[in-house]
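Each value in this text was obtained by applying a stated rule to the coordinates, not by laboratory testing. This structure is a prediction, so every number in the text was calculated from the model and none was measured. Cβ atoms come from the backbone with ideal geometry, glycine included; neighbour counts cover every protein chain shown.
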Amino acid sequence: MDELGIIEQGVDWRTRVGQDIRDRMTDDILFSLQMKLQMTTSTTLIDLQKVATRIEERIYTIATDYGDYLRRISLTKGDLEDSYPMLLNNFLHIRQQASIHSSILLHQNNNQGILSNELTLNDHKKPFHPNAKDRISELPNDLFQHILSYLSTREAVRTGVLSQWWVNRWAFLQSIQLDVDWFHMDREKFSNFVDNLLVNRHHADVPMDTFQLHSFAIEHANCWINHAIKHNAKVLKFTEYQRWEPFYLDPKLVGFSSQYLKTLELTNAALYNLVFDPLNNACPALQNLILTDCLMEVEEISSSSLQKLDIIGCFLLKDLSICTPGLVSLRIKDRRMDNSSYKNSYLVFTNVTLIDASNVTSMELSAVDRKFTFVEKAGSSPMFRNLRSLHLSEWCIVDLFSPLRQFIQHSPMLEMVTLKLSLLRWRFQITDEHAKTLVRVRDARGLLLDFDWY
C-alpha cells in the first residue's frame with residue numbers, strides 16, 4: 001500500500017492491510033455503537049466491543065478490495081450516525097409519555113388506592129373489598145388459564161397483586177410474549193423483568209407452547225431463547241430491534257435441538273452454520289421456518305420435516321443450497337423499503353441452488369441480489385413436479401427469459417406465473433422479442449401470466 005492508501009493491482013489487498021488499520025476501523029464502529037445506545041438507554045447488557053469486532057470482521061471477509069472495505073465501513077457508520085436524531089427524539093417522546101403516565105398513576109394511588117404501574121413479580125395485597133366473594137378463584141384451573149391467556153404476559157404477571165391466591169398463577173401460562181417496548185425501551189428494566197419471570201416460571205415446572213420475544217441489544221436474550229427451547233416450546237418467535245445490528249445467536253448459548261419445535265420465526269438475527277445446523281438435523285418436528293431481515297452465513301438448508309420456508313429481506317454471505325423434500329411453500333424475496341445503508345453494507349451477490357423441491361406447490365424467487373438455479377438428477381421425475389404457482393423477478397429475463405423457460409419446462413403441473421418487473425426496465429430494456437417469447441411460453445402451456453409492477 002502506498003502513501004495514498006492504494007494497493008497494487010494483482011496483490012491480495014488483505015495482506016497489505018495492517019492490524020492497526022483494522023483496529024482503528026473497529027474503534028470507529030465501537031464509538032458509533034456507543035453513541036447509538038446512549039441516545040436510548042445505558043450501554044450495559046451487551047459487549048459492544050464484541051459487536052464492533054464482529055461487524056469489522058464480517059466486512060473484512062466479504063469486501064472485494066480495500067476500497068470496498070472502506071465503503072462498507074462508511075455505510076455502517078453513516079447509518080448509525082444518521083439515526084441519532086431519530087432515536088433521541090423517539091426516546092425523549094417515550095420518556096415524556098411515561099412520565100405523564102406515571103404521574104397520573106401516582107395521583108390515582110394517592111387518592112383511590114389504585115395499583116402502581118411498576119409492580120414486581122410477587123407483590124400482592126388484600127382485596128379492595130375484603131368481604132366480597134372471590135368467584136374467579138373458584139373456577140376450574142383450565143378455564144382460569146384460558147381467561148388469563150387473553151392478557152399480555154405483563155398484565156398476567158400483575159394479577160399477582162390481587163390476593164395471595166393469585167400469586168404466581170400466571171406462571172402456568174403456556175404462551176409467553178415479551179416486548180422491550182413495554183418498558184419504553186428501558187433495557188435494564190426489561191432484562192430484570194424477563195430474568196425474574198423465567199426464574200419464577202421455571203420453578204413452576206410447566207411446559208411452554210409459544211415464546212415470543214422482542215428485544216434490543218441484550219446479550220442475555222440468547223439464554224432466554226435457550227430457556228424456551230429447553231422447556232419444549234412449539235412456537236418460537238424472536239425479533240431484534242430493527243435499527244440495530246443483527247443479533248448474534250451464540251452457538252455456545254443457544255442450542256436449536258428440540259423434539260417439539262414446530263415453528264421458528266427470526267427477525268434481524270445473525271445465523272451461522274454452527275447455530276443453524278441443528279435446525280437441519282435435530283428438529284424433527286420443525287415445519288415452518290420464517291427468516292426476515294437476517295444475516296445468513298449458512299451454506300445448506302436440508303431439514304426433511306420443513307414444509308414452509310420464507311427468507312425475506314435477508315442477506316446471504318455465502319452461496320446457499322436448499323434440499324428439503326417435504327417443502328410445500330418456498331419464498332425468497334426482498335423487503336428493503338427503508339433503503340438502510342447500514343444493512344446494505346452486507347450486500348453480497350450469491351447463488352441459491354435448489355436440490356430437492358419436488359413437493360413445492362407455491363414458489364417465489366424474487367430477491368434481486370442473487371442467482372437461482374436448480375439441479376435435477378438424471379432419470380428422476382421433473383424437479384418441480386407439484387408446482388402450481390411460480391413468482392420470479394428480473395433475474396429471469398436474461399437470454400429471452402431462458403431461466404423462466406427452464407423452470408416451466410421442469411414444472412408439468414404449473415398453472416400461474418407472476419413476474420415482478422420494473423416499469424422502467426420494461427420500457428427501455430425489454431424488446432419486442434422478449435414480449436413475443438412470453439406470449440409463446442404462455443400459450444404453449446396455457447398458463448395464467450400476471451405482472452407485479454414496481
If R0 is 51 Å, what FRET efficiency do you get for residue 61 and residue 151 from their C-beta distance, rounded to 0.05? 0.65
Placing +1 on the Cβ of each Lys and Arg and -1 on the Cβ of each Asp and Glu in the range 13-82, which of 61, 48, 29 has its Cα farthest towards the positive end of the resulting dipole? 61
Given a Förster distance of 41 Å, report the FRET efficiency between residue 205 and residue 319 from their Cβ-Cβ distance, rounded to the nearest 0.05. 0.40
Label model pair residue 181, residue 259: point-to-point distance (7 angstrom along the Cα→beta-carbon line) in nm is 3.8 nm
For 397, 312, ascending order of other Cβ atoms within 10 Å (fewest first) is 312, 397
Given charges of +1 on the Cβ of Lys and Arg and -1 on the Cβ of Asp and Glu, with all other atoms neutral, how large is the dipole of the range 237-295 about its Cα centre, in debye to the nearest 20? 160 debye
Rounded to a whole number of µm²/s, how large is the Stokes-Einstein D of the range 13-82 at 20 °C and 1.002 mPa s, given Rh as the Kirkwood radius over C-alpha pairs? 171 µm²/s
Net lengthening on full extension, residue 23/residue 427 (0.36 nm per residue, minus Cα-Cα): 140.6 nm
Neighbouring Cβ atoms within 10 Å as the yardstick, rank 363, 383 fewest first. 383, 363
